[in-house]
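Working notes for the structure below.
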Amino acid sequence: MLRILLLGLFVFAGCSKGAKKPIQKGEFTTTASETLEYYLYYPSNVKEEHPGLLLFLHGGGEAGAELKHLKISGPPSLMEEKYPFPFLVLAPQNPHAQKWWNVAAVHQLLEKVVEEHNIDPFRIYLTGLSRGGYAAWEMAMNYPDTFAATAIVSAMAPTPYAHWLDRSTPIWVFHGEEDAIMPVKEADEMVAKLQQLNFNVRYTRYPRTGHNAWDKAYTTDSLYIWMAQQKRL
C-alpha cells in the first residue's frame, strides 16, 4: 500500500511541473484610440489674445448620433443664436450611443484645442448634463488642476468623488426636483458632501422640473458671468 501511495505522489509531482503558477506577472501596452467630432464656437464678442474656454459634455440622447444633434440642447443650442458667451465653447461628441464618455480622449482633445487656439490655461471651464454631467464629475476628479469652475446639470453624482476634487475649484450644481431619471437625491447628497468638505458650491434646485433642467440652467446668464469671474491661481 505504501509503494502505491509513493508512486501516486511521484506521478502527481511529475505532472505538476508544467502546471501554471497561481499568480503571474504581466505587462501590456494598450493602443486603444478614439475619434471625436466636435464643435468649437468662437463668439464675435471675444477679442482677447488668450481667451477662456468652456468645455461642454452632452447627454446620452446625442451620443452616437450625427454631430448636428448636439445643437438640440445645452450651450451648442445657443451657438446658432450667436449667444455672447464670454469665452470659446468646445463641444465634443461621444461617438458611442451605449457607452460612457472616454474622458481621457476628451482631455487630449481639450489640450489640443487649448494649444492651437492660444487659450488661457487658467480660464478653462467645465460643464455637462445628464450622462455628460457624470463625465464632468469624472474629468474634474481625474484632472483636478485643469478647470477654473465646474457646472453640473441633471447628473448622477457619486459622493465619494468629492474627496478627490480640487477644493479651490468653484462648483455649481443644477437639478430638477421632479427628475424621474436621475433623482434629485443624487444632487442633494453630493452638495451636502461638498459643503461638509468646505467647497465653494452653489446649488440651484428647480421646483416642478423633471430631468430636463438644462433648458433653464444653460439660459441663465448669471452662470456664464459667474464662470468668467473664475480663474485658477
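Residues being loosely packed, with under 14 Cβ neighbours inside 10 Å and in contact with an Asp or Glu (Cβ under 7 Å, 6 or more places away or on another chain): count how many of those fall in region 29-82.
Number satisfying all stated conditions: 2.
Just to verify a result, which residue in region 198-209, among those that are more than 25 Å from Gly60 (Cα to Cα) and polar (S, T, N, Q), is surrounded by the fewest Cβ atoms within 10 Å (Cβ to Cβ)?
Asn198
Just need a number here: residues in region 167-214 that are of a type in the set (D, E, K, R), in contact with a helix residue (DSSP H, G or I) (Cβ under 6 Å, 6 or more places away or on another chain) and not in a loop (DSSP other than H, G, I, E, B). Can you show your working first?
Of all residues in region 167-214, those of a type in the set (D, E, K, R) come to 167, 177-179, 185-186, 188-189, 193, 202, 205, 208.
If we keep only those that are in contact with a helix residue (DSSP H, G or I) (Cβ under 6 Å, 6 or more places away or on another chain) as well, we get 177, 189, 193.
From the residues that got through so far, the ones that are not in a loop (DSSP other than H, G, I, E, B) too are 189, 193.
Residues in region 167-214 being of a type in the set (D, E, K, R), in contact with a helix residue (DSSP H, G or I) (Cβ under 6 Å, 6 or more places away or on another chain) and not in a loop (DSSP other than H, G, I, E, B): 2 in total.
So that you can scan it fast, the table gives a plain yes or no per residue for (1) modelled with pLDDT of 95 or more; (2) surrounded by 14 or more Cβ atoms within 10 Å (Cβ to Cβ); (3) β-branched (Val, Ile, Thr):
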| position | (1), (2), (3) |
| --- | --- |
| Ala155 | yes, yes, no |
| Ile171 | yes, yes, yes |
| Gly176 | yes, yes, no |
| Asp188 | yes, yes, no |
| Gln196 | yes, no, no |
| His211 | yes, yes, no |
| Trp214 | yes, yes, no |
| Tyr224 | yes, yes, no |
| Met227 | yes, yes, no |
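Residues being open to solvent by less than 10 Å² (accessible area, probe 1.4 Å) and either more than 11 Å from the chain's Cα centre (by Cα) or without any contact (Cβ under 8 Å) to a residue 60 or more places away in the chain (or both): count how many of those fall in region 140-153. Give the steps one after another, and end with the answer.
Step one: filter region 140-153 for residues open to solvent by less than 10 Å² (accessible area, probe 1.4 Å), giving 147-153.
Filter once more, keeping what is either more than 11 Å from the chain's Cα centre (by Cα) or without any contact (Cβ under 8 Å) to a residue 60 or more places away in the chain (or both): 147-150, 152-153.
Count: 6.
Determine which member of the set Ala97, Ala162, Ala91, Ala105 is part of a helix (DSSP H, G or I) and closer than 22 Å to Glu34 by Cβ.
Details: Ala97 fails: part of a helix (DSSP H, G or I); Ala162 fails: closer than 22 Å to Glu34 by Cβ; Ala91 fails: part of a helix (DSSP H, G or I).
Going through Ala97, Ala162, Ala91, Ala105 in turn, just one is part of a helix (DSSP H, G or I) and closer than 22 Å to Glu34 by Cβ: Ala105.
I'd like the full set of residues that are aromatic (Phe, Trp, Tyr) and touching an Asp or Glu at 6+ places or on another chain (Cβ under 7 Å), limited to region 201-221.
So the first thing to find is which residues in region 201-221 are aromatic (Phe, Trp, Tyr), and the list is 203, 206, 214, 218.
Within region 201-221, Tyr206 is the sole residue that qualifies.
The values are calculated or read from the model by the stated rules, or taken from the named source; none is laboratory data. All values derive from a computational prediction rather than experimental measurement. Please note: Cβ atoms are built from the backbone with ideal geometry, for glycine as well, and neighbour counts cover all protein chains shown. Surface areas here come from the heavy atoms of the whole protein model, side chains and all, with no ligands, DNA or RNA. Shrake-Rupley method; radii C 1.70, N 1.55, O 1.52, S 1.80 Å.
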